[in-house]
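Structure, as structure tokens:
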Amino acid sequence: MHIPVLISDLAVMLITAGLITILFKKIKQPLVLGHILAGFLISSYFPFFPTVVDTDSITTWSEIGIIFLMFHLGLEFNLHKLARVGSTAIITAIVEVIGILAVGFLAGRLLGFGVMDSVFLGGMLSMSSTTIIIKAFDELQLRGKKFTELVFGTLVIEDIVGIFMMVILSTISVSKNVTGGQVAGSLSLMILYLIIWLILGIYFLPTFLNRTIKLMNDEMLLIVSLGVCFGMVILANALGFSSALGAFLSGSLLAGTVHVERIEHLTKGVKDLFGAVFFLSVGMLVNPQTLVDYAAPIIVITAVTIFGKLIFSSLGMLLSGQTLDNALKCGFSLAQIGEFAFIIASLGMSLGVTGDYLYPIVVSVSVITTFTTPFCIKTAPKFISVIEKHLPDNLVAKLNKYTSEDQAEKEKDNDWYLYIKKYFRRVVVFGGLMLAIAIFGIHVAEPALSGYMSKTAADTLTCVLIYVFMAPFVGPMMNLHNNLFTSLWLKRKSFRLPLIVLNLIKVAIAVSIAMIPLAVLFNVKAIWLFFIIVGIMVILGRSDGMTGWYLQLETRFLRNFNERIIKREEALGMKETWLDDKLHIISFFAPKEGEFLGTPLRELDWGYRYNVYVVKIQRGTHTYILPKENVSIQAGDKVYVVGEEMAIMNFYKIIDSEPCKRMRTVRQFMDSGYPDVDKALAICAVKITGQEDFAGKSIKNGNVRSHWNCMILGLQRKGLTVIMPNASMIISKGDIMWVMGSNNNVGRLASEYDEYSEE
């Protein structure tokens with residue numbers, strides 16, 4: 001019976017790899033090196049061993065190996081992890097990658113390599129090896145040290161930069177006359193692709209898995225997970241991006257679900273098999289004669305890798321505010337290359353833009369730096385002590401003044417830092433969504449509609465649909481009334497101009513995106529018209545129906561995005577502590593003079609403007625619990641206001657009053673004693689069963705305020721709490737509704753419906 005060549009090749013590969021990796025495990029060396037050695041033994045360059053025949057099929061298998069390696073890299077990555085690594089990792093990774101790219105390119109040119117070979121060489125050298133570093137840290141028992149956490153954070157950012165780099169390298173490889181605009185265009189498209197698919201994936205994927213997981217056994221979940229992976233690979237290729245990008249993105253989407261550990265466990269065997277084939281294929285390309293011919297370049301490139309990464313990684317750490325000790329330890333730890341370098345080398349070969357000699361050179365450098373990494377890490381403390389002894393005292397003093405162990409943490413408390421962070425997040429997310437809607441409408445909806453109606457009618461309908469679907473996202477993108485904006489606006493007058501400029505930039509972006517449909521479909525370019533369109537979209541977006549729809553989208557998205565955190569807190573038995581941590585209540589006596597005196601609460605509109613709400617007014621012997629909108633504050637009134645801590649602090653500045661020394665949370669306030677229980681405020685939480693009159697209605701139309709004279713403080717939906725929800729938000733079955741009112745009114749509401757928690 002004839003056995004296909006591929007099967008015999010796989011038998012040779014796997015048996016050889018199995019024996020060699022057992023040997024490497026015994027001598028405590030990285031298994032990746034074992035796979036590379038096994039690949040060399042079964043290659044045509046080593047005639048004393050059975051040789052692989054069907055190299056084309058093995059190449060395909062190795063490409064699948066890259067897909068699975070990138071898929072698992074995505075499974076280990078999520079946006080929460082990116083947020084945790086902080087500015088230190090971002091600055092270090094960027095400084096290191098840019099520095100090594102430049103030095104690697106220069107080294108390649110000095111060694112006589114071609115331009116594209118030198119570009120790819122720089123890219124390969126800029127990526128450190130997560131596998132090798134983890135092994136070294138485990139062997140030296142360094143896990144948990146401060147500098148190791150910084151190293152892991154830097155590796156996370158390096159992986160992301162590596163994905164971007166592959167897109168850039170692919171772009172410049174396709175056309176030798178590529179311009180900066182083309183590279184920027186490719187990067188912009190990739191960023192848009194990432195944003196849209198991350199948003200859509202986070203919105204749909206966890207919901208789909210949660211609704212179907214009970215029907216799935218391990219086999220079905222494995223098939224679904226691999227289907228998502230290869231589906232994203234096909235989509236990425238259709239959009240002109242690499243398979244690696246699609247695989248990484250699919251993994252990162254699944255990483256945000258509560259099922260990621262199970263998926264990682266189920267797919268690990270498949271990843272290990274195809275990953276081994278990939279590293280075997282790396283070893284099969286190692287030509288001993290090439291290593292002899294290029295011995296000098298290998299030594300030079302190895303030195304460039306070790307010293308270059310040491311210098312630039314340490315510099316990045318110092319620039320980010322880390323101490324000299326931590327910076328140098330991180331620099332020594334990152335001084336190697338590994339699996340990502342092989343992936344970039346494979347990309348160059350598949351595109352046909354790099355020479356055959358480059359692959360074995362990079363493999364040799366990786367092998368050498370694998371062995372030098374533990375030595376470098378162990379040498380770091382001695383090197384640091386020598387450096388500190390020989391550095392001038394004034395330089396050491398300046399470094400200590402600039403750097404700080406907790407500088408990154410201090411920066412996080414800065415209002416400007418937080419505002420800019422949220423500003424860009426909103427612009428990128430909502431701007432990206434609006435742009436995607438425009439692109440989808442023009443390139444998909446319009447051609448489809450043209451088949452059923454005239455072009456003019458199709459263009460008109462497409463424009464209307466584009467603007468309708470854009471409308472809900474214009475308001476959230478602007479987000480003018482938020483606590484951080486108010487805090488900065490009130491803190492200093494000098495802050496107001498930059499805040500105005502930043503908001504004008506958001507308006508300009510919204511107008512620019514609004515121009516696209518009319519400019520493309522009707523060739524209309526009147527700027528004033530687009531300002532009108534944006535205004536109409538804002539008005540439409542603030543309508544009850546549109547706002548309610550958007551809030552439903554946002555709530556599900558945030559629930560899915562934070563699903564793992566919510567489940568982890570529930571597993572630990574953590575209670576709903578948002579009332580203790582988030583909401584505060586203060587009281588103050590209205591002064592004899594004040595701009596707000598005598599003005600109805602409706603006109604003051606403190607809730608919309610400043611996110612604080614008047615919940616009680618005491619005027620002599622009369623008490624207003626949740627005063628109506630026509631009530632005004634008079635001199636001498638004792639006013640009770642509820643809101644989040646930052647909103648309360650902003651409110652103190654608005655009324656020109658000194659903050660109290662200790663603000664009470666709502667629960668602390670409720671636990672205080674009252675001489676008159678009937679006039680005291682109370683809270684309760686009601687589990688919505690769906691039978692209530694207000695279930696399925698918006699807060700505004702549910703009439704909880706008018707019928708029960710109670711105020712909704714928050715809605716908790718599947719573990720996600722929305723504090724001070726928008727009046728257009730729908731009260732849904734399964735929600736936990738927190739309400740505040742007088743003892744009598746809260747008691748009536750609680751007795752009418754099943755109470756979820758105590759008053």
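Annotations
- Residue satisfying all of: in the range 388-417; among the aliphatic types (A, V, I, L, M) and in a helix (DSSP H, G or I); modelled with the lowest pLDDT among these: Ala408
- Of all the residues in the range 12-25, those that are farther than 13 Å from Val52 by Cα and either over 40 Å from the mean Cα position of the chain (by Cα) or outside any helix (DSSP H, G or I) (or both) number 2.
- Residue in the range 53-61 that is modelled with pLDDT of 85 or more, surrounded by 17 or more Cβ atoms within 10 Å (Cβ to Cβ), assigned by TED's automatic domain parsing to the domain that holds Ile306 and touching a Phe, Trp or Tyr at 6+ places or on another chain (Cβ under 8 Å) present: yes
- Selected residue (only one of Ile420, Ile466 is assigned to a helix (DSSP H, G or I), crowded, with 17+ Cβ neighbours inside 10 Å and of a type in the set (Val, Ile, Thr)): Ile466
- Residues considered: Lys567, Lys592, Lys575. Of these, the only one that is over 24 Å from Lys422 (Cα atoms), in a loop (DSSP other than H, G, I, E, B), basic (Lys, Arg) and modelled with pLDDT under 85 is Lys575.
- Filter result for Ile7 (in the same structural domain as Ser243 (by TED's automatic domain parsing) and within 30 Å of Val228 (Cα to Cα)): no
- In the range 602-632, residue farthest from Pro725 (Cα to Cα) [restricted to those that are of a type in the set (A, V, I, L, M) and in contact (Cβ under 8 Å) with a residue 40 or more places away in the chain]: Ile625
- Restricting the range 524-554 to residues that are buried (at least 19 other Cβ atoms within 10 Å of the Cβ) and either touching a Lys or Arg at 6+ places or on another chain (Cβ under 6 Å) or not β-branched (Val, Ile, Thr) (or both), the residue that is modelled with the lowest pLDDT is Gly541.
- Conditions (1) buried (at least 24 other Cβ atoms within 10 Å of the Cβ); (2) more than 24 Å from Ser366 (Cβ to Cβ); number of the one not met by Val260: (1)
Here's the yes/no breakdown for (1) aliphatic (A, V, I, L, M); (2) crowded, with 24+ Cβ neighbours inside 10 Å; (3) assigned by TED's automatic domain parsing to the domain that holds Ile172:
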| position | (1), (2), (3) |
| --- | --- |
| Ser313 | no, yes, yes |
| Gly321 | no, no, yes |
| Lys329 | no, yes, yes |
| Ser333 | no, yes, yes |
| Ala341 | yes, yes, yes |
| Thr354 | no, yes, yes |
| Ile361 | yes, yes, yes |
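The values are calculated or read from the model by the stated rules, or taken from the named source; none is laboratory data. Predicted model, so just to flag it, every value in this text is computed and none were measured. Neighbour counts run over all protein chains shown; Cβ positions are idealised from the backbone, glycine included.
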